[in-house]
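Asks: The structure follows.
The values are calculated or read from the model by the stated rules, or taken from the named source; none is laboratory data. A quick note: this is a predicted structure, and the numbers were derived from the prediction, not measured. Quick reminder, even Gly has a Cβ in these numbers, built from the backbone with ideal geometry, and neighbours come from all protein chains shown. With ligands, DNA and RNA removed, areas are computed over all heavy atoms of the protein, side chains included. Shrake-Rupley method; radii C 1.70, N 1.55, O 1.52, S 1.80 Å.
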Amino acid sequence: MRSEVDATARDASLYDVELLGVSKTFGATTQAVHDLTLRVERGIFLSLLGPSGCGKTTTLRLIAGFEQPTTGSIMIRGRDVAGLPPYRRDVNTVFQSYALFPHMTVADNIGYGLRQQHLHRDEIRRRVGEALEMVRLPGAGGRRPAQLSGGQQQRVALARALVNRPTVLLLDEPLSALDLKLRKEMQQELKALQHEVGITFIYVTHDQEEAITLSNRIVVMNGGRLEQEGSPTEVYDRPRTRFVADFIGLTNFIEGRVREVIPAVNGEQSTVTVTTGIGEICCASDQSDVSVGEAVTIALRPEKVSLVESASADDSPRDGWSTVGGIVTQAAFLGAQNEYRVRVGKESSGGSQGQEIVVRQQNLGAMAETPPNDESSSPTIDGWRVFGPGERVVLAWRHEVGLVLRDSGDDRATGDRVSAQAPTPHASRA
Amino acid sequence: MRASANPSLRDRGFSAIQRLPLWGRSLLLLAPAFVWYGVFFLAPLVNMVIISFEESSGYGGPPAPGFHLDSYRQLLNPLYLKVFGVTLRMALLGTVACLLVGYPLAYFLATRASRHKTTLLLLIIVPFWTSFLIRTYAWETILDSDGVLSNILQALGITHGSLNVLYTPTAIFIGILYNYLPLMIFPLYVALDRLDKRLVEASKDLGAGRIATFWQVTLPLTLPGVVTGCLLVFIPLTGEYLIPAILGGSKNLFMGNLIGEQFQGQGASSDWPFGAALGVTVVVLLLIVVNIYLLAFRRVQSVPGQAG
């Protein structure tokens, strides 16, 4: 495993940052990061996403040089930075609390890194001016950080880091101290700024929405391990573990056992049939490594399920669709969407084995009182009909929408098997 | 029933106070402090100023009332001016020495001692549970030419012959450093402990090494602690009396010793008006020095950033 890792590491030109089997242990027992291997391509916006204590901030501090890895190595532009202090690394950090120097003006804060390089006074003044323009704070150079608002301080912190033109910019939950509206605004600015400067951004956040909005790549971490790495679409639409499916967005989980596996043929996806408490569910999947009889969980996104009037549903399920009958127990108007809780079960009346499935449908402006009489308008189009509690409905979704997640033991073991570069499953589980 | 009666009584008391204007309420709260300082600080000070203008009786004891400038004229005697000079120099040197020794110690306590922090802080405080007088006498035993240190150094063959430190300015200096160091360490420790460690990290992140970070971030941001520590050491040190008296012998006088002699001396060696004049001069001198110092500090603080 290690030699394989080293071999790929030599192709360094593509990557700005590489973590190779990095672990970090604090004290005798606290393992913050566990055997993390991660390659960050040049110029991308990568988010480290996870709940608090998942090791994302420690990972950032390892790259910045504030912590040294217990094992493994870190490369920046192909150069091993082992033992190098932060001031010898070509990375800059935007701190969560901004960490602006209170005894200096904004201009002196921004020029701090340039002064350490002993650049000429005029050069520093010019670049500080440019940086202030870039973050849209021209003329604020003479002020003190304490005289600025939170959003302005955030911009100064960004300018102070970017003015040094680092290889990588590390951002540690930089927007968490801002209110919602300002945060949305700054998200757009950050994204535009990254596009403009073309510097690799590594962004730590616990906000899945923020990660999805901003990033090219998302690394989901849990308990110091990498759960999944991929594009926002991959991570959202194809979560590999129950943890990822649960952490990002809202998901229904349906537990069951595999009844039948039809392997992929002619480029088509394999089909897995699962016996669950709410009936047999067919899933088309790229993951065919499940075996018959195995306990699995099906993850189903609420917005990918259609709600159909019970009467209008055909007796014979259409090809490529799964259908389950149920009763609406709750209906909530969310503005852009309508959210329903539907009790489904073996008997569509909802027996003891039933479960609640959350369904979200786009609000297309339909009224509950006036269902469209025109039969030609397909009732399967979401949102044409608003349902109320007690109504009998049929839930329908395409086979590819249901995701089969392995359920053997715990999520962590699943994560290890599914993610390609995790060499030691079941290691150190105390 | 009582429970409901009590609040109404209390309310009546409160409302009487609340009916006072704001300045009245403030005055009421400040009254104890005013009385205390008036009786125990201001009155003796005024008394001292009055005595300094009176005429010496010539044989000690309370002077005769009157208005004379003789005592102040006497101050200009080069002999006394020299004592002023020696005192100020020693106070300044002692403060600088305490700062140079205290800053690294406080820095270690605040940043590196982590687990042992409390123990070490306690170890600094513990000696101060014994009397200042006893501790200073202990140094006399240690520094004596036939004392502990002298004997150990001779036994180890480091020095030949007995140690001749006691009753020299060096002995006074050692005593000052020992006794005043905690007064310097604590404000520095508080300032360093409060320093946001992320600012130090930010500095290193921006390419400043350890030393550059110290000069550009750590020191400027802990300057208030330095100012407080220096004042806490310098002011009482200028009036120091015991250390020179015990460790300095009869030759190395401080202002404090000179003043004490004017009041405690027997017969003709006692001169109250002169002692009072000395005291007034020390107070005025300190006020001038401290204000210059604070003004200079404020100027440093208001200069934006680290030019150059």
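Asks: Looking only at the stretch A:33-65, which residues are touching a helix residue (DSSP H, G or I) at 6+ places or on another chain (Cβ under 6 Å) and not hydroxyl-bearing (Ser, Thr, Tyr)?
Replies: As a first pass, look at the stretch A:33-65 and keep what is touching a helix residue (DSSP H, G or I) at 6+ places or on another chain (Cβ under 6 Å): A:33, A:45, A:47-50, A:64-65.
Residues satisfying the conditions are A:Val33, A:Phe45, A:Leu48, A:Leu49, A:Gly50, A:Ala64, A:Gly65.
Asks: On to the next question. Check every one of the helices (runs of 4 or more DSSP H) wholly within the stretch B:195-308 and list those with 3 or more residues that are open to solvent by 30 Å² or more (accessible area, probe 1.4 Å). Write out each step before concluding.
Replies: Details: elements: B:197-205, B:210-213, B:219-238, B:242-247, B:255-264, B:272-302.
In the stretch B:195-308, the matching helices (runs of 4 or more DSSP H) lie at B:197-205, B:210-213, B:219-238, B:255-264, B:272-302.
Asks: If a residue has to be without any contact (Cβ under 8 Å) to a residue 24 or more places away in the chain and either touching a strand residue (DSSP E or B) at 6+ places or on another chain (Cβ under 6 Å) or surrounded by 19 or more Cβ atoms within 10 Å (Cβ to Cβ) (or both) to count, how many in the stretch B:166-186 make the cut?
Replies: The number of residues fulfilling the criteria is 0.
Asks: Now for a separate question. Does A:Val33 qualify as being touching a Pro at 6+ places or on another chain (Cβ under 6 Å) and in contact (Cβ under 8 Å) with a residue 60 or more places away in the chain?
Replies: Against the criterion (touching a Pro at 6+ places or on another chain (Cβ under 6 Å) and in contact (Cβ under 8 Å) with a residue 60 or more places away in the chain), A:Val33 does not qualify.
Asks: Continuing with this model, one more query. Counting residues that are within 12 Å of chain B (Cβ to nearest Cβ) and surrounded by 22 or more Cβ atoms within 10 Å (Cβ to Cβ), which helices (runs of 4 or more DSSP H) fully inside the stretch A:90-166 reach at least 3?
Replies: Filter on the stretch A:90-166 gives A:106-116, A:150-162.
Asks: Right, next: Restricting the search to the stretch A:158-181, which residues are within 23 Å of the chain's Cα centre (by Cα) and under 15 Å from A:Asp16 (Cβ atoms)?
Replies: Those that are within 23 Å of the chain's Cα centre (by Cα) and under 15 Å from A:Asp16 (Cβ atoms): A:Val168, A:Leu169, A:Leu170, A:Leu171.
Asks: Looking at (1) at pLDDT below 90; (2) surrounded by 18 or more Cβ atoms within 10 Å (Cβ to Cβ); (3) among the hydroxyl-bearing types (Ser, Thr, Tyr), which is the one condition that is false for B:Tyr103?
Replies: Result: B:Tyr103 passes all but (1).
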